[in-house]
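Could you have a look at this structure, given as C-alpha cells, before my questions?
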Amino acid sequence: MKKNLLPVAAAGLLLSLIIVVSYFFLFSTPNVIKPKAFGGEKYDSARAMVIDEKNNFILAGMTMSYGPGYVNPYWLKISPSGRLIKQQAYGGKGDDRILAITARRDSGYMMAGHTNSFGAGGQDVFLLRVDENGKQVAVKTFGGKETEEGRSIIQGNEGGYLICGASASFGPGNYSAYVIKTDSDGNCVWAKTYGGVNVSQAYFAAGTDGGYLIAGDTTDGNLGKRDMWLFKLDGQGVMLWEKFYGGIHSDTASCVFTEGENIMLAGDTGIGQGRYSDMYLAKLGPEGGIIWEKVYSMAGFQSLKSAAGSKDGGFILAGVTAEADGRGQTDIIIIKTDSSGDVLWTKTYGGSQDDFAAAVAETADGKIALAGWTNSMGAGDYDVYFFKAGSEGEF
C-alpha cells in the first residue's frame, strides 16, 4: 500500500515558507522606521547625523542623562531597522556639546562642538575623535581666552578636517567667523577669522574644487539688519570672494552644499520684521550669483535646520514650525521640492509637546532619515528623536 506523501510535502513547503518569511523580517531593512525616542531621564538631543557603509545611522549631540558633566557629548549608533546598537557619553565636568559629525576616511568619526571643561578660555571649540564603536580616541580644543563655538565639520579636500564656527577671542569684530583646518589627527594646520567689526558667524561648510564654501550671517553686510553670508576660501584659508543675500530685515544662512558646479544655499529669511520667519532656498552659480531663490511662506513660524539634495534632482528641507494647524507647540516640518525649488509636498511630524529637527538625509533606498529631539515621547525631559520616512514623507 502506497503512503500518501501529499501532507508531508505540504508540511515541508509550509516550514520552508515560515523560514523564508522569518529570515526576511529578522534581517531585511524595513522601508520605514516610525518615530523613536532614545535617552535617559533628563535632557538628550541629536544635533547631527551620518549614515555608515552598512546603512547604520550615527547620531551625535548632547546629553544630561549620561556622562561625567552637566552637559556631555553624546554618540548613538542605530541599526537600519531602528534598533539602538550602542550609545556613549564623553566630556569633562562642565558643559560640553557636540553639534556636528563627519566620518573619517579610515574608520571612526570626528565630532565638533564646544566645551568649557577643557581648553584655554571660557568656552573653546571642541574636536572629539571616536572609533567605529564609539570609543574615544582623542580630544582637541581650539580657541583663546574668550568664547568660541564649533558648529560644522567636514572632511578636508586634501586630508584632515575643516571646522567652522565663531570666535570672540580673535578677529576684528565682537564675534567673528572662525575656520580651523586640521590634519588627520586633529592637530591645527591653520586657523583664521573672517568678518567685519560687528558680529559675523559661520554655521556650515562644504568642500568645492580645492577650496571651501562657508555659510553664515553677518551684521557687516549691506542689505539688512543681518544678512545671509557666503564666502569661498582656497585650500589655505584665503578668501576668494564673499556674497550677501537677504532683504532689509534679518536673514541667516544655515546650510550650504554643492550641486555639480552650482551652490545650494538654505536658511531663514524675514526674521524680526514684525512677523514670523520663512524657510529659504537658493541655487547659486559657481561664484555666488543667484540663479533662482525660493521663500516658503506659511502661517506661523518656520526655521530651517538642515537641507540635502535627493537622487531625483530635488531637495529636502527640514526644520521646525509653530504653525497653527501643527500637532504640538513646536513641530518638525519637511518640505520636498523639485529641481527648481518648487514644492512637491510638505509634512509635519511630532506629538502634543515640542519636537525639533536637527539633521536630514536621503538614505540609499531613497527614503528620508531625520534626527532631532522631542519631549512629546520618550523617557526623559527631552529625548533624541529619530525616524526614517518614505520617499513622500509617509510611514
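We did not get these values from a lab; they are worked out from the coordinates using the rules stated. Quick caveat, the model's predicted, so the values are computed rather than measured. Quick reminder, even Gly has a Cβ in these numbers, built from the backbone with ideal geometry, and neighbours come from all protein chains shown.
How far is helix 6-27 tilted off the main Cα axis of the chain, in degrees rounded to 10, range 0 to 90?
Its long axis makes an angle of about 10 degrees.
Rounded to the nearest whole Å³, what is the per residue volume of the convex hull around the Cα atoms of segment 80-130?
Per-residue hull volume (Cα only) is 100 Å³.
Per residue, how big is the convex hull around the C-alpha atoms of segment 101-202? Give it to me in cubic angstrom, could you?
Spread over its residues, the Cα hull of segment 101-202 gives 78 Å³ apiece.
Right, something else. Going Cα to Cα from K34, which aspartates and glutamates come in below 13 Å? Please leave out same-chain ones fewer than 8 positions away.
E394
How many nm is it between the label spots at K347 and K135, if each spot is 7 Å from the Cα in line with the beta carbon?
Between K347 and K135, the simple spin-label model gives 3.9 nm.
Let me ask another. Taking the Cα centre as origin and putting +1 on Lys and Arg beta-carbons and -1 on Asp and Glu beta-carbons, what dipole magnitude results for the chain, to the nearest 20 debye?
1280
When Cα extents along the principal axes in Å is calculated directly from the model, which label among [x] 65, 50, 42; [y] 64, 47, 37; [z] 101, 44, 41 fits?
The value matching this structure is [z].
What's the ranking of 153-159, 76-82, 123-129 by average number of surrounding C-beta atoms within 10 Å, highest first?
Ranking the peptides 153-159, 76-82, 123-129 by packing returns 123-129, 76-82, 153-159.
Same structure, new question: Counting other C-beta atoms within 10 Å, which of V343, V384, V179 has the fewest, and how do the rest follow?
Going from least to most buried by this count: V343, V179, V384.
Sort E392, E293 so the one with the fewest other Cβ atoms within 10 Å of its own Cβ comes first.
With the sparsest Cβ surroundings first, the list reads E392, E293.
To make sure I understand the rule: partners must be lysines, Cα under 19 Å from the Cα of K42, and not fewer than 8 residues away in the same chain. Which ones qualify?
Reachable lysines: K86, K93.
Let me ask something additional. Which Cα, out of M110, L284, F386, lies furthest along the positive dipole direction of the chain (beta carbon charges, K/R +1, D/E -1)?
So the residue we want is F386.
Shifting gears a bit: Compute the Rg to Rh ratio over segment 254-392 from the alpha carbon atoms, using the Kirkwood formula for Rh, and round to two decimal places.
We get a ratio of 0.98 for segment 254-392.
Compute, for segment 132-197, the length of the dipole vector about the Cα centre, with Cβ point charges of +1 (Lys, Arg) and -1 (Asp, Glu) only. Units Debye, rounded to 20.
Taking the Cα centre of segment 132-197 as origin, the dipole is about 100 debye.
Along the charge dipole of the chain, which of A361, S303, L84 sits closest to the positive end, that is, farthest toward it, with unit charges on the beta carbon of Lys, Arg, Asp and Glu (+1, +1, -1, -1)?
Projecting each Cα onto the dipole axis, the largest value belongs to L84.
Continuing with this model, one more query. Calculate how many DSSP beta bridges within segment 222-374 are antiparallel, expressed in % of all such bridges and rounded to the nearest 5.
About 95 percent, rounded to the nearest 5.
Sequence-distant or interchain residues sharing an amide H contact under 5 Å with S254, placed H: which?
Correct list: A266, G267, D268.
Same structure, new question: Below 18 Å, Cα to Cα, which aspartates and glutamates can K283 reach? Residues fewer than 8 away in the same chain don't count.
D209, D217, D227, E242, D251, E259, E261, D268, E293, D312, D338, D342
Given H placed 1.01 Å from N in the peptide plane, which residues other than close sequence neighbours of D381 have an amide H under 5 Å from its amide H?
K42, Y43
How much mean residue ellipticity at 222 nm does the chain get from its helices, if each DSSP H run of length 4 or more adds -39500 (n - 2.57) and you divide by all residues, to the nearest 500 deg cm²/dmol?
Mean residue ellipticity at 222 nm (helix-derived): -2000 deg cm²/dmol.
While we're here: Taking amide H positions as placed in the peptide plane 1.01 Å from N, state which residues far from G156 in sequence (5 or more) or on other chains have amide H under 5 Å from it.
For G156, whose amide H was placed from the backbone, the distant partners under 5 Å are Y161, L162.
A further question on this structure: For an R0 of 51 angstrom, estimate the FRET efficiency from the Cβ-Cβ distance between A379 and V238 and round to the nearest 0.05.
0.55
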